[in-house]
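Participant: This is the structure, below, for whatever I ask next.
The values are calculated or read from the model by the stated rules, or taken from the named source; none is laboratory data. Being a predicted model, the structure only gives us computed values, none of them experimental. A quick note on method: Cβ atoms are made from the backbone with ideal geometry, for glycine too, and the neighbour counts reach across all protein chains shown.
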Amino acid sequence: MCPPGRKLHSLDRDAHNINTMAFSSDGRTVAEGTFDGIIKLLDASTHQPVLTISAFPQGTQNVGGVAFSPDGKTLASGLSNGTINLWDVSTGQKLSAFAASTGITGVAFSPDGKILASALYDKTITLWDVSSGKLLKALSGHTGVVWG
């Protein structure tokens, strides 16, 4: 077992370009979202890329958040233009897309994987039905940007 707070590994390549990261629930995969619209899935033990997804034409949008579904089969990503995409983790194919009102700063799945929350620049949190892409609720009242 590793003592708390000990660095295990550094990501030296393009680390300045990484905006967001998330572990899969089994801990085997790490997703990186970059400032230039690229998502990389890395093997958590070897740190080698296993899949690269162009979330948006390179250089035009930031990936503001990534999250794995509880079963690890789907990856959600949020972009600075307000687009939320769901991706098949094994193939990198886009499964669906939702349109939020403004840029995304973070995304998170509910424990059952049926709802996706997104944090937005416009000071709201939105809740989405994953299967239909329907907006369920917008939670407002925050006094600043909600950082996911």
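Participant: Scan the range 106-148 residue by residue and report those that are in a loop (DSSP other than H, G, I, E, B), polar (S, T, N, Q) and closer than 18 Å to residue 67 by Cβ. Quick ask: steps written out before the conclusion?
Facilitator: Of all residues in the range 106-148, those in a loop (DSSP other than H, G, I, E, B) come to 110-114, 121-124, 130-134, 140-148.
Imposing the further condition that a residue be polar (S, T, N, Q) reduces the set to 110, 124, 131-132, 140, 143.
Across the range 106-148, the qualifying residues are 110, 124, 131.
Participant: From the list 92, 72, 113, which residue is touching a Pro at 6+ places or on another chain (Cβ under 9 Å) and on the phi > 0 side of the Ramachandran plot?
Facilitator: Working: 92 fails: touching a Pro at 6+ places or on another chain (Cβ under 9 Å); 72 fails: touching a Pro at 6+ places or on another chain (Cβ under 9 Å).
Answer to the check: 113.
Participant: Among (1) aromatic (Phe, Trp, Tyr); (2) over 21 Å from residue 17 (Cβ atoms); (3) in contact with a helix residue (DSSP H, G or I) (Cβ under 6 Å, 6 or more places away or on another chain), which single condition is residue 35 missing?
Facilitator: Answer for residue 35: the failing condition is (2).
Participant: Does at least one position in the range 65-87 carry a residue that is out of contact with any Asp or Glu (no Cβ under 9 Å at 6 or more places or on another chain), without any contact (Cβ under 8 Å) to a residue 60 or more places away in the chain, part of a strand (DSSP E or B) and acidic (Asp, Glu)?
Facilitator: Among the residues of the range 65-87, not one is out of contact with any Asp or Glu (no Cβ under 9 Å at 6 or more places or on another chain), without any contact (Cβ under 8 Å) to a residue 60 or more places away in the chain, part of a strand (DSSP E or B) and acidic (Asp, Glu), which makes the answer no.
Participant: Further question on the same structure: Could you tell me which residue of the range 21-44 is modelled with the highest pLDDT, considering only residues that are assigned to a strand (DSSP E or B) and of a type in the set (S, T, N, Q)?
Facilitator: Initially, the range 21-44 is screened for residues assigned to a strand (DSSP E or B), giving 21-23, 29-34, 38-43.
Narrowing further to those that are of a type in the set (S, T, N, Q): 29, 34.
Working: 29: 96, 34: 89.
Selected residue: 29.
Participant: Please count how many residues of the range 102-135 are exposed (fewer than 13 other Cβ atoms within 10 Å of the Cβ), over 16 Å from residue 87 (Cα atoms) and not charged (D, E, K, R). Even if it seems obvious, please write down each step before you answer.
Facilitator: Within the range 102-135, the first condition is being exposed (fewer than 13 other Cβ atoms within 10 Å of the Cβ), and the residues that meet it are 111-112, 131-132, 134.
Within this subset, residues satisfying the condition of being over 16 Å from residue 87 (Cα atoms) are 111-112, 134.
Cutting the leftovers down to not charged (D, E, K, R) gives us 111.
Number satisfying all stated conditions: 1.
Participant: Would you mind stating whether residue 97 is part of a strand (DSSP E or B), in contact with a Phe, Trp or Tyr (Cβ under 8 Å, 6 or more places away or on another chain) and among the aliphatic types (A, V, I, L, M)? Quick ask: steps written out before the conclusion?
Facilitator: Details: part of a strand (DSSP E or B): yes; in contact with a Phe, Trp or Tyr (Cβ under 8 Å, 6 or more places away or on another chain): no; among the aliphatic types (A, V, I, L, M): yes.
Here the answer is no, as residue 97 does not meet what is asked.
Participant: Here is a further query. Check whether at least one residue in the range 64-80 is under 14 Å from the mean Cα position of the chain (by Cα), β-branched (Val, Ile, Thr) and over 19 Å from residue 133 (Cβ atoms), and report yes or no. So that I can check it myself, show each step before the final result.
Facilitator: The initial filter retains those residues of the range 64-80 that are under 14 Å from the mean Cα position of the chain (by Cα), namely 64-70, 72-80.
Now drop any that are not β-branched (Val, Ile, Thr), which leaves 66, 74.
Then keep just the ones that are over 19 Å from residue 133 (Cβ atoms); that gives none.
No, the range 64-80 has no match at all.
Participant: Just to check your reading of the model, which residue among 9, 47 is at positive phi, part of a loop (DSSP other than H, G, I, E, B) and either modelled with pLDDT under 95 or of a type in the set (Val, Ile, Thr) (or both)?
Facilitator: On the way: 9 fails: at positive phi.
Being at positive phi, part of a loop (DSSP other than H, G, I, E, B) and either modelled with pLDDT under 95 or of a type in the set (Val, Ile, Thr) (or both) holds for just one of 9, 47, which is 47.
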